[in-house]
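Worksheet for the structure shown next.
Computed from the coordinates by the stated procedures, all read-outs in this text should not be read as laboratory data. Nothing here was measured: the structure is a model prediction, and the numbers come from that model. FYI the Cβ positions are ideal-geometry reconstructions off the backbone, even for glycines, and counts take in every protein chain you see.
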C-alpha cells in the first residue's frame, strides 16, 4: 500500500530530486511493490495530462502599457537631467580653459620651436600642473555667460607637439 | 545600484542575462528595463495566469510586477537571480489579489489540516462527457489547478510549468525545501482525484 512517505518519494523521484541513497532505496522498494509501481505510472500520466494547460499569449499592447506606467512619466525627467549634466560639463571645461588663458596672459611661455605655418597652442607640463591647481576656478562666475560657453564648445584647443602634454579642451564631458 | 559588496560567486549578473540587465537598469539604462520587460513579460504572465485562472487579471498582475521591478532599481542586489526575484513578486501579488477577491469569485478548497481534498473533490471532480475534446481537458486542468489550495497550486505551477527545482521553488515561495516536497506530493494526489477520470481514458 502506498503510504504517505512513499507518495512523497514518488513525487520527488519524478522531479529528479531524490538524493543518491534515497534513490537506491526507492528503486529497490519499487522492485517489490506493485502498488507503488502502479502509483508511479499514474503520476507520470497525470504529469503529461497537465501539459494541456492553455498556451495563451499576452496581448500585443501589454508591453506598451507596462512601459507607460513605468518609464513613461520618468522619460521627460530623465531628458531634462541629461541636458543639465551636459551644460555643467561644458562649464567645467570652459572654466579651466579660461583660467589657463588668463594665467598665460600674465606669464607668457619661453618661446620654443614650433612648426612654422601652424597655429598651435602649447601647454607644457608646467601649465598642466597649473591647470590642475586651477580646478577650483571652475566656479568662476564669468561662466554664467552663455556666449563664453558657446565659444568654448566650438573652439577646442588641440596641442600636437609630442614633447609636450597633449590636452584637448572643448565640449563638456558628461 | 548602490555599490555593494557582492561576492563574485554569488553575483548572478556575471552569468545571467536578465540579472545583468537589471543591474544595468539600476545604473540608469532605461533601455535595459525595456529589454527586461520584453524578455520576461510572457513567463510572468503565464505564472500569474495559471495561478489566477483569468487572462485579464493575469495581465494586470504582470503590469504590477514590472512597476515593482521598476521602483526597486536602486536597491536590487544581483545575489538574487532576476527571474527568481520576479517570480517571488508575482506569487505574492497573486496571493494578495486572491485574498482581496475572496467572496467575489471562486474560492479554493480548503482540505483541512492535511490538505487532502478527497472528500470535497467527490462533489467537485470534473466529469468528462462522451468524446472528450482537447479544450474540455484544458478547461478541466485549469479548473483543477484553481481548486488546489494556494500553497499547493503555487509549487505545482512553478514545478510543472516553469521547471524550477525544489530549491528554486523554496526561494520563490519563501518556504523550506522540505515543505515544497510535501506540498508537491499533496498537489499531485489532489490533482489525481480531480482529473482521475481523464487518466483512465
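Considering all C-alpha pairs of the stretch B:17-61, those separated by over 13 Å amount to 56%.
By the compact-protein rule of thumb, 2.2 N^0.38 Å, the alpha-carbon radius of gyration of the stretch B:8-90 corresponds to a ratio of 1.07. For the segment B:32-45, counting C-beta atoms of other chains within 10 Å of every residue's C-beta and taking the mean gives 2.
A simple spin-label model places the labels of residue B:136 and residue B:178 4.5 nm from each other, with each point 7 Å out along Cα-to-Cβ.
Look at the stretch B:69-82: the mean tally of other chain Cβ atoms within 10 Å of its residues' Cβ atoms is 1. Each of B:142, B:83 was scored by other Cβ atoms within 10 Å of its Cβ. Arranged with the fewest first, they read B:142, B:83. When both the stretch B:11-75 and the stretch A:29-47 are represented by their alpha-carbon centers, they are found 39 Å apart. For peptide B:173-182, the mean count of partner chain Cβ atoms within 10 Å of a residue's Cβ comes to 2.
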